[in-house]
1. Can you spot a residue in region 81-102 that is at pLDDT 95 or above, within 21 Å of Asn174 (Cα to Cα) and either in a loop (DSSP other than H, G, I, E, B) or more than 17 Å from the chain's Cα centre (by Cα) (or both)?
2. Do any residues in region 149-177 that are assigned to a helix (DSSP H, G or I) have Cβ atoms under 7 Å from those of residues that are surrounded by 15 or more Cβ atoms within 10 Å (Cβ to Cβ) and among the polar types (S, T, N, Q), where the two are at least six apart or on different chains, and which pairs are they?
3. Please go through region 4-48 and pick out each residue that is under 19 Å from Gly81 (Cβ atoms), at pLDDT 95 or above and polar (S, T, N, Q).
4. Please name all residue pairs, on different chains or six or more residues apart, with Cβ atoms under 8 Å, provided the first residue is in region 103-123 and is within 13 Å of Ala163 (Cα to Cα) and the second residue is among the hydrophobic types (A, V, I, L, M, F, W, C) and open to solvent by less than 60 Å² (accessible area, probe 1.4 Å).
5. Of the residues in region 52-67, how many are in contact with a helix residue (DSSP H, G or I) (Cβ under 6 Å, 6 or more places away or on another chain) and open to solvent by 50 Å² or more (accessible area, probe 1.4 Å)?
6. Taking region 115-163 as the search range and keeping residues that are more than 16 Å from the chain's Cα centre (by Cα) and charged (D, E, K, R), which one is least open to solvent (accessible area, probe 1.4 Å)?
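The values are calculated or read from the model by the stated rules, or taken from the named source; none is laboratory data. Because the structure is a prediction, the values reported are computed rather than measured. Here the Cβ positions follow ideal geometry from the backbone for every residue, glycine too, while neighbour counts run over all protein chains shown. Surface accessibility is based on the protein's heavy atoms, side chains included, excluding ligands, DNA and RNA. Shrake-Rupley method; radii C 1.70, N 1.55, O 1.52, S 1.80 Å.
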Amino acid sequence: MDELTMGSQEIDGNFRAVQAVLKAAHFAAQKHAGQRRKGAAEEPYINHLLEVAELVASALAEPDTNLIIAALLHDTVEDAGVMKDELVERFGGDVADLVMEVTDDKSLPKAERKRLQIVHASQISGRAQVIKLADKISNLRSILASPPADWSVERKRDYFNWAKQVVNGLSAPNPMLKAEFERLYRQAGSLASS
């Protein structure tokens with residue numbers, strides 16, 4: 001195979017990857033349409049999904065399109081009623097499995113779901129851990145920038161401490177994302193009631 005053919009195949013592969021990511025972003029935007037973040041600014045929920053996907057993409061040493069797609073879709077089952085079968089059909093089994101690894105069982109009480117996130121953190125795959133960590137980073141950033149108006153300082157700190165327990169349970173956290181999480185976690189002491 002000559003150099004020109006190899007270059008053309010690489011471009012085709014890159015283009016297909018971009019198409020797949022955009023297809024997932026569009027799907028996520030449709031499924032989360034009308035949803036807002038809990039913060040006082042009530043940002044569109046898609047902003048969170050895009051931030052998580054961007055954090056995942058920036059932390060990868062090697063391209064992993066399916067992982068970026070799963071980051072975009074990580075809340076579709078939990079918060080938008082999408083079924084795993086639909087994810088398999090549209091995005092493949094790998095993406096669906098990654099999403100399911102980071103999906104809480106909404107039939108359980110909130111306290112139990114939070115406990116299980118801590119327990120299961122070490123049991124999810126290394127790739128799913130990247131999504132989990134990026135999700136926690138995005139949530140901490142949101143609490144720092146635009147916390148829910150009805151959250152007390154104590155509730156904000158409780159969230160930070162719970163997120164820290166989840167992240168500490170990860171068996172193979174991405175070093176770049178872990179450093180960003182720790183940087184944000186150190187800001188918990190500066191949380192105010194507004």
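1. Yes, region 81-102 contains a residue that is at pLDDT 95 or above, within 21 Å of Asn174 (Cα to Cα) and either in a loop (DSSP other than H, G, I, E, B) or more than 17 Å from the chain's Cα centre (by Cα) (or both).
2. From residues that are assigned to a helix (DSSP H, G or I), the pairs are Ala163/Asn139; Val166/Gln117.
3. Gln30
4. Correct list of pairs: Lys114/Trp162; Leu116/Leu108; Gln117/Val166; Ile118/Trp162; Ile118/Val166; Ala121/Val166; Ala121/Val167; Ala121/Leu170.
5. 1
6. Lys156
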